[in-house]
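Notes for the one structure printed next.
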Amino acid sequence: MSDALTQAEAENPAGTPAPERVTELVIDEKFIDGYGHVTYLGYPILFERERARFMDGLGLGAETVDSLVPQYFVREMEIKYKRQVRQGDAVRILTRAERHTRFSIRYIQSIEIDEQTATQFECVIALVGENGQLFPIPEEISSKLFPKNSESD
């Protein structure tokens, strides 16, 4: 398995490339169902693991985020399947983030096989304060996830 935190090819409106993580791996048997392809439950696990590595690579591991944000949860999740992913497939998992609202982050991920998208995944993480109210994305997070002038969004 190889991985790298790179600059996304697509630039944000201010012209500053957004961070993107690219991981290359071979799909192993723990994500496979009886039909030989990744089970529908395996995709969220693969993507969650890569989201955590993406954040770690930016210096925003769970401990850091927990110190900045009282609570957060998955508010939305969507998976689009374009082709099967099977045991032994060599894949690339791409991960990037964009601002969804002042209070939430959208993660956009995909699995590619032979430079073609096999699966697309999006999830929105909402930030919540201890009082249950929406919590603004802290500048310490915003400046690393969204490198353009993060205060003006």
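None of the figures in this text is laboratory data; all of them are computed from the coordinates on show. Fair warning: this is a prediction, and the values are worked out from it, not measured in the lab. With ideal geometry, Cβ positions are generated from the backbone for all residues, glycine too; neighbour counts draw on all protein chains shown.
Compared with the dominant Cα axis of the chain, that is its longest principal axis, helix 42-57 is turned about 50°. For the range 22-70, applying the loop criterion from DSSP together with a ceiling of 11 other beta carbons within 10 Å to the chymotrypsin sites (Phe, Trp or Tyr not before Pro) yields Y35, Y40. Its Cα centre serving as origin, the range 2-152 has a Cβ charge dipole (Lys and Arg +1, Asp and Glu -1) of approximately 300 debye.
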